[in-house]
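Here is the structure we will look at.
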Amino acid sequence: MSEGNVGSRFDRLPATDADRRVEGRASREAVVDYFEERFGIEPAVFEGHTFWEKGAGKIWAYAGESPTPATLEALGMTCLRTRQEHWKPTTDAVQRFGRHASENVIELPGPAAVRFAAGEDQELAWNGDWGYLIAAHELAGGLEPLGVGLYLHGELRSTVPKGRRRELSSLDDAGGSRRPLE
Amino acid sequence: MEPLERYRPIVDDFEAFRGACGRPLGTVVRVNTIKASVERAVATLEAEGVGYERVGWNPRVLRLETESPGATWASFHGFTHGQEEVSSAPAVVLDPEPGERVWDACGAPGGKTTQLAALMDDRGTVVANDNDLGRLSALRFNAERLGASSVAVTNADARNFSMAPFGFERFDRTLVDAPCSCEGTIRKNPDALEGWSLAAVESLAGVQKGILRRAVQATREGGTVVYSTCTFAPEENEAVVDHVLDRESCRVRPFELGLEGDPGLTGWKGEEYDPGLAAARRIYPHQNDTGGFFIAALEVTAG
């Protein structure tokens, strides 16, 4: 029997597509598979999280307890947009879980990272898949995810939301004149 | 500053207190350990040439040598969050553990909520409530930016908060960082005392009593409730706790905190309060070069 998606409440995702009762709803398995197939993020990374849908296709990752359905303002964090041909992870989810990614990660040099954080699109060479990528940069001895980029026709579009964009300086030339306090 | 005169009898070095209240505060951030260790956050600040200084009492709090702590890579990545030094004290006193059920009754804009989630390694349930929908959107934004996935957000009046939406009856710990007259934020907001009136203080105290009573009721026996405000007025602090001690099953619990402070008052303007209130803490701006705060910890007892 099929039920409709109710936009104002949180419904926990079914474990698998076979358990699905709401038309078009993603399953937990499909969400975890997506992060593994697209970005190489191991399913174990999400072991402590449940996934929920609120609104059409917006998926939330939550580490706490809740019955389903749940009527409240937020349950964890938005992590993925489904119910569209190409699923799109959120900036916040990529910053939270993207350090575990091994595929479709585009490493940006200093000035390109600055442009990405400012929300700018830029021409870049990339030999991998087109579509949604995790943009990352080298930061203090490790690769750190910046957010989600959409790569098409030689251009990387930054999808950093307006409220998260920042005008920052390139790490390639920081440090010289400014030093940490002793 | 005139309203502060009423505290002359209770503040030891009143001139130092007045002086500190007139000086602006520096920039302070809390390291968000959900996304980065303190070492990694500090290394990021060093890489981008932002000077910092650690504070002695809390390894996760840094004083920054910049006017705009939001315009750093550390902030962009959610490694740091602007939060006044003393305002990170209540969550430390509440001391939640991973896996617990915790209620932040007046959670917006989310600095303390996300701090609770971080202290729990983002495992467990942090229910962040606020009655102001506009401020809740700031809370949601901050929680997502900081990757706090253990946070559930509700929009209700904390005084009659319902447990119905949850699959459990009681919280393990509750933080009531109550709406208050904000006298202790004068260093951050020089207008904080404009329009001050005793009537407003007493009206806020009524709301605070209602919220703290509900918090004790919603917390399990043996659990902890921390009550805090960023104000000096005893009517909003000791008097509120005293009122709830008389009506709910709880007692004041002493706590350790590496910040200088004075004991809570056991009387004010002819009123006497429960002697246990001496275990609460009044933190004045001149004592640690911070804003002002009041913190009391309550243990919920058998009803």
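See the values below:
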| item | result |
| --- | --- |
| Chain B - percent relative contact order, Cα under 8 Å, separation 6 or more | 17 |
| Cα-based shape type of chain B, given that a ≥ b ≥ c are square roots of the gyration tensor eigenvalues and the cut on a/c is 1.5 | oblate |
| Using alpha carbons only: equivalent-ellipsoid semi-axes of the range A:1-76, gyration tensor based, whole Å | 20, 15, 10 |
| Test item: A:140-146 mean partner chain Cβ contacts at 10 Å | 5 |
| Within the protein assembly as shown, percent of DSSP bridges classed antiparallel, to nearest 5 | 75 |
| 5 angstrom amide H check on B:Arg253, placed H, neighbours 5+ away | B:Ala297, B:Leu298, B:Glu299 |
| Approximate spin-label separation A:Asp172-A:Trp126, in nm, with each point projected 7 Å along Cα-to-Cβ | 1.9 |
| ³J(HN,Hα), Karplus 6.51/-1.76/1.60, whole Hz, each residue of the range B:11-21, x for Gly, Pro | 9, 4, 9, 4, 5, 4, 4, 4, x, 5, 4 |
| From the C-alpha gyration tensor of the range B:154-203, square roots of 5λ in Å | 32, 13, 9 |
| CD proxy at 222 nm, helix term only [per DSSP H run n ≥ 4: -39500 (n - 2.57); per residue of the protein assembly as shown; nearest 500] | -6500 deg cm²/dmol |
| Heavy atoms of B:Lys269 accessible to a 1.4 Å probe, total area in Å² rounded to 10 | 140 |
| Rg in Å to one decimal, and Dmax rounded to a whole Å, for the range A:104-164 via C-alpha atoms | 10.6, 31 |
| Residue-by-residue Karplus 3J(HN,Hα) for the range B:212-229, coefficients 6.51, -1.76, 1.60, Hz, glycine and proline x | 5, 4, 5, 5, 5, 4, 8, 10, 5, 4, x, x, 10, 10, 9, 10, 9, 9 |
| Within-9-Å neighbourhood charge of B:Pro24 [Cβ basis; K, R +1; D, E -1] | +3 |
| Nonlocal amide H pairs with B:Thr174, under 5 Å, H built at 1.01 Å | B:Trp103, B:Thr224, B:Val225, B:Val226 |
| Two-decimal log10 I(q)/I(0) for chain A, as the Debye equation yields it once each C-alpha is a single scatterer, q = 0.19 Å⁻¹ | -1.24 |
| Amide H contacts under 5 Å for A:Cys79, placed H, 5+ residues apart | A:Ile59, A:Trp60, A:Ala61 |
| Calculated P(r) tail over 16 Å for the range B:87-186, as whole % of Cα pairs | 52 |
| Length-normalised contact order for the range B:179-303 - Cα pairs under 8 Å, 6+ apart - percent | 32 |
| Rounded accessible area of A:His153 (nearest 10 Å², 1.4 Å probe) | 140 |
| Reachable lysines from B:Lys35, criterion Cα separation under 27 angstrom, eight or more residues apart if same chain | A:Lys54, A:Lys58, A:Lys88, A:Lys162, B:Lys112 |
| Surrounding net charge for A:Ala30, when Lys and Arg each add one and Asp and Glu each subtract one, Cβ distance under 12 Å | -2 |
| Probe 1.4 Å, protein heavy atoms only - accessible area per residue of the range A:1-115 in square angstrom | 45 |
| Partner chain coverage, peptide B:145-157 - average Cβ within 10 angstrom | 6 |
| Inter-label distance for B:Phe168 and A:Glu37, nm, one decimal - labels placed 7 Å from Cα along Cα-to-Cβ | 3.6 |
| Per-residue average of Cβ from other chains inside 10 Å of B:125-136 | 2 |
| The protein assembly as shown - Debye-derived log10 I(q)/I(0), Cα point model, q = 0.10, 0.11, 0.13 Å⁻¹ | -0.79, -0.93, -1.21 |
| Whole-Hz couplings from phi, Karplus 6.51/-1.76/1.60, listed for the range A:66-81; x for Gly and Pro | 6, x, 10, x, 10, 10, 8, 7, 7, 9, x, 10, 5, 10, 7, 9 |
| Charge sum, other residues only, whose C-beta stays under 12 Å from B:Gly210's C-beta, Lys/Arg counted +1 and Asp/Glu -1 | +3 |
| Listed residues B:Leu25, B:Leu245, B:Leu133, most fluctuating in chain B (Gaussian network, C-alpha, under 10 Å) | B:Leu133 |
| Mean separation of Cα contacts under 8 Å (6+ apart) over length of the range A:104-164, as relative contact order % | 38 |
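The values are calculated or read from the model by the stated rules, or taken from the named source; none is laboratory data. As the structure is a computational prediction, the values presented were derived from the model and not from experiment. A quick note on method: Cβ atoms are made from the backbone with ideal geometry, for glycine too, and the neighbour counts reach across all protein chains shown. Note: accessible area is taken over every heavy atom of the protein model, side chains too, but ligands, DNA and RNA are not part of it. Shrake-Rupley method; radii C 1.70, N 1.55, O 1.52, S 1.80 Å.
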